[in-house]
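Quick notes on the structure that follows.
The values are calculated or read from the model by the stated rules, or taken from the named source; none is laboratory data. What you see is a predicted model; the values in this text were computed from it and never measured. Ideal geometry is used to build each Cβ from the backbone, glycine not excepted, and the neighbour counts take in all protein chains shown. Remember, those area values only see protein heavy atoms, side chains included, never the ligands or the DNA or RNA. Shrake-Rupley method; radii C 1.70, N 1.55, O 1.52, S 1.80 Å.
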Amino acid sequence: MLRLRPATSLCRSYYRRQVPIISSRLQRLYSATAADNGIEPIRGLETGVSASKLLLRSVTSVRNSSELKAQNVAEGETRKMNMCQAINDALRLVLATDNTSVVFGEDVAFGGVFRCSVGLADEFGGERIFNTPLTEQGIAGFAIGMAAMGHTAVAEIQFADYIYPAFDQLVNEASKFRYRSGNEFNAGGLTIRAPSSAVGHGGHYHSQSPESFFAHVPGLKVVIPRSAVQAKGLLLSAIRDPNPVVFFEPKILYRSTVEQVPVDDYMLPLSSAEILKPGKDITVVGYGSQIYALENAIQMVERDIPGVSCELIDLRTISPYDAETVEKS
Amino acid sequence: NAARGSHRPFSATCRTERKKVMFPGALNSEYTHKLNFVSSVQSIPTYQVMDTDGKVLDAANEPQMKKDEARKIYKNMLTLNAMDQILYEAQRQGRISFYMTSFGEEALLGSAAALDPKDMVFGQYREAGVLLQRGFTLTQFMNQCYSNELDLGKGRQMPIHYGSRELHFQTISSPLATQIPQAAGAAYAMRREGSKLCTICYFGEGAASEGDFHAGLNMAATLGCPVIYYCRNNGYAISTPAIEQYRGDGIASRGVGYGIDTIRVDGNDIWAIYAATKAARKIAVEQNKPVLIEAMTYRVSHHSTSDDSSAYRSKKEVEDWNKRDNPIARMRSWLENKGWWAKGEDAEITKSAKAEVLAAFAAAEKLK
């Protein structure tokens with residue numbers, strides 16, 4: 001039943017007299033089920049990645065992308081790829097264009113537990129794509145050492161949940177390497193990749209989103225892509241950025257975000273947020289897999305509170321983040 | 001049939017008795033039918049080239065070195081000692097904030113003499129001797145300790161956190177053992193470059209308890225990294241004596257556990273260090289694999305200027321060690337035995353070393 005009444009303190013006071021409340025039981029904030037709240041949030045809305053309008057599923061959408069135009073790949077050849085394949089493609093381009101680059105971690109040689117490194121060992125050899133023993137602190141330290149010699153080290157941590165043994169190396173060493181040495185040395189060639197965030201059945205240890213721990217470390221960059229096209233361009237930028245970068249890949253998006261991905265080499269800028277949907281009333285900021293939940297939330301708001309428009313921003317780089325775009329919004 | 005059976009590829013239907021364990025994880029094990037736990041094999045012996053009086057015991061590995069080079073090395077030992085004394089005092093006087101000395105461990109610089117100047121060094125914090133032997137000037141040492149504008153590190157770190165790109169010496173960082181897996185990675189990069197260079201990684205017996213030690217050595221061994229791991233076992237990690245740091249046969253026994261060529265040396269015998277490092281380098285560079293050297297020595301120093309070691313060991317113990325087995329005295333004796341050093345030269349050299357140090361010190365103190 002739609003009834004006009006004073007809104008709760010949750011709504012901005014601007015809307016106090018204008019916002020229709022869907023149910024008088026909106027105030028039961030602690031309740032878990034939509035039915036208890038008297039809300040039917042979904043109500044005919046198609047949700048999730050498969051229904052998302054944000055993906056570049058068609059060649060036309062690639063041609064129309066202003067960012068891909070700026071990278072000179074909007075008109076070029078594309079191939080249908082999911083995020084795993086896009087990451088694989090990015091790694092292939094790095095290995096082909098940078099002689100000093102190597103890709104290593106647990107189980108990467110046969111193709112990786114998520115198949116992101118499939119075919120690379122066959123193409124570039126076992127000296128460049130190799131398995132390491134099971135030790136995240138070793139993987140990170142080894143990668144820092146290679147980077148300290150000016151090489152490009154792309155290290156994989158099998159799940160972000162297991163990155164903590166590497167935390168000392170990343171926080172105390174990688175992030176401070178250049179600054180503490182007065183630029184006599186640096187670890188700019190370091191990139192750490194890790195599948196992260198919830199997948200549904202992952203439990204405590206295959207679902208974590210540890211990006212905020214790293215966002216508090218000056219000297220480290222943290223990047224999280226939302227789709228295949230984004231993953232390829234952002235990963236290429238991350239690897240080539242002369243700073244240590246931690247690249248978290250939302251594993252739930254590995255197979256589900258299928259797009260027409262430009263086959264050429266292109267780089268999407270770091271520390272540059274993307275406005276996915278312009279709006280004038282509410283700024284909604286997110287990244288990674290949550291972009292699709294936010295897309296749905298915005299659809300609900302705009303459907304149920306007519307006249308309200310939301311702006312959806314994908315940070316892409318969590319740290320250092322594009323404060324200017326967010327503030328302007 | 002039993003003899004033939006052990007050479008045939010493993011077949012599920014073959015019932016011949018086998019001696020060798022075939023599981024993929026068993027690299028070279030044989031079956032036994034005696035229930036027996038192993039906790040120690042014979043302790044790894046400690047290699048010496050000369051005794052405490054400088055008398056040569058292994059002539060085959062006496063260094064093939066010219067008089068000038070040997071004298072230069074000895075002068076560096078004296079200079080290091082002089083610099084340590086003066087900078088220790090400077091800290092006591094409040095002129096610099098912190099310092100760590102290398103008293104009793106001056107023989108370490110023999111390892112630097114055995115390397116190529118472009119071999120990359122990853123140190124822990126007590127390797128100023130290596131840097132000195134490489135050519136770091138007294139001025140450069142002072143500038144870092146004073147954090148002045150000429151410090152290569154731009155004044156950003158505590159004293160003794162030296163680093164030099166030119167001299168291939170990675171900047172020191174305070175966290176212990178982090179350099180160990182880094183050295184393996186750097187060595188792997190060098191191997192890829194085909195430069196025939198190696199890395200050397202120094203750490204103490206205390207740092208060897210860190211997880212990074214295990215991670216680094218295991219990775220170096222499995223991935224084939226030309227890195228020399230050099231453990232300075234000086235008996236103490238601040239106040240913790242070695243008996244509280246480990247129960248096994250020191251650090252050397254662990255190298256064997258990782259499948260790494262290992263040697264234990266007398267860390268007060270500069271020529272044992274020199275010979276072992278030279279041989280280790282050859283293995284690392286020619287065979288692309290790691291080597292572990294454990295150098296046994298005694299930390300005459302306090303841990304640092306923030307430590308008074310009389311709180312956990314007797315002054316007598318320290319004095320006894322200093323008198324009984326002094327690396328500087330041993331080297332001098334060896335030089336004197338060869339007729340390459342005159343009695344009384346010591347006083348002269350020490351005096352001029354002190355003067356040089358004081359001059360550099362005064363200059364560094366004046367700068368911002």
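Odds and ends about this structure:
- If the condition is being touching a Ser or Thr at 6+ places or on another chain (Cβ under 9 Å) and of a type in the set (A, V, I, L, M), then segment A:167-195 contributes A:A187, A:L190.
- Annotation note: of B:I263, B:I238, the sole residue that is touching a residue at least 60 places away in the same chain (Cβ under 8 Å), in contact with a His (Cβ under 7 Å, 6 or more places away or on another chain) and open to solvent by 10 Å² or more (accessible area, probe 1.4 Å) is B:I238.
- Residue match in segment A:198-214 (condition: touching a strand residue (DSSP E or B) at 6+ places or on another chain (Cβ under 9 Å), assigned to a helix (DSSP H, G or I) and within 14 Å of chain B (Cβ to nearest Cβ)): no
- Long-range neighbours under 8 Å by Cβ, at least six apart or interchain, first residue of a type in the set (D, E, K, R) within segment B:309-335, second in a helix (DSSP H, G or I) and open to solvent by 20 Å² or more (accessible area, probe 1.4 Å): B:R332/B:D346
- Hits in segment A:71-97 - residues which are open to solvent by 80 Å² or more (accessible area, probe 1.4 Å) and in a helix (DSSP H, G or I): A:Q85, A:T97
- Unmet criterion (only one of (1) over 17 Å from A:L190 (Cβ atoms); (2) within 14 Å of chain B (Cβ to nearest Cβ)) for A:A147: (1)
- Meeting the requirement of 2 or more residues that are open to solvent by 10 Å² or more (accessible area, probe 1.4 Å), no strands (runs of 3 or more DSSP E) wholly within segment A:217-266 can be named.
- Any hit, segment A:171-180, residues being within 14 Å of another protein chain (Cβ to nearest Cβ), assigned to a loop (DSSP other than H, G, I, E, B) and free of Cβ contacts under 8 Å to residues at least 12 places away in the same chain: no
- Cβ-Cβ contacts under 6 Å between residues 6 or more apart (or on different chains), taken from a first residue in segment B:74-95 that is crowded, with 16+ Cβ neighbours inside 10 Å to a second residue that is charged (D, E, K, R), are listed as B:M77/B:E106; B:L80/B:E106; B:A82/B:K354.
- Residues of segment A:294-323 that are within 20 Å of A:Q230 (Cβ to Cβ) and open to solvent by 50 Å² or more (accessible area, probe 1.4 Å): A:P320, A:Y321.
- Just one residue in the set A:F110, A:F159 is open to solvent by 40 Å² or more (accessible area, probe 1.4 Å), away from chain B (no Cβ under 12 Å), modelled with pLDDT of 95 or more and touching a helix residue (DSSP H, G or I) at 6+ places or on another chain (Cβ under 9 Å); that residue is A:F110.
- Within segment B:116-169, the residues that satisfy the criterion of being free of Cβ contacts under 8 Å to residues at least 60 places away in the same chain and of a type in the set (S, T, N, Q) are B:Q140, B:Q144, B:S147, B:Q157, B:S164.
- Annotation: of all residues in segment B:144-172 being more than 7 Å from chain A (Cβ to nearest Cβ) and farther than 22 Å from B:A362 by Cα, the one that is most open to solvent (accessible area, probe 1.4 Å) is B:E166.
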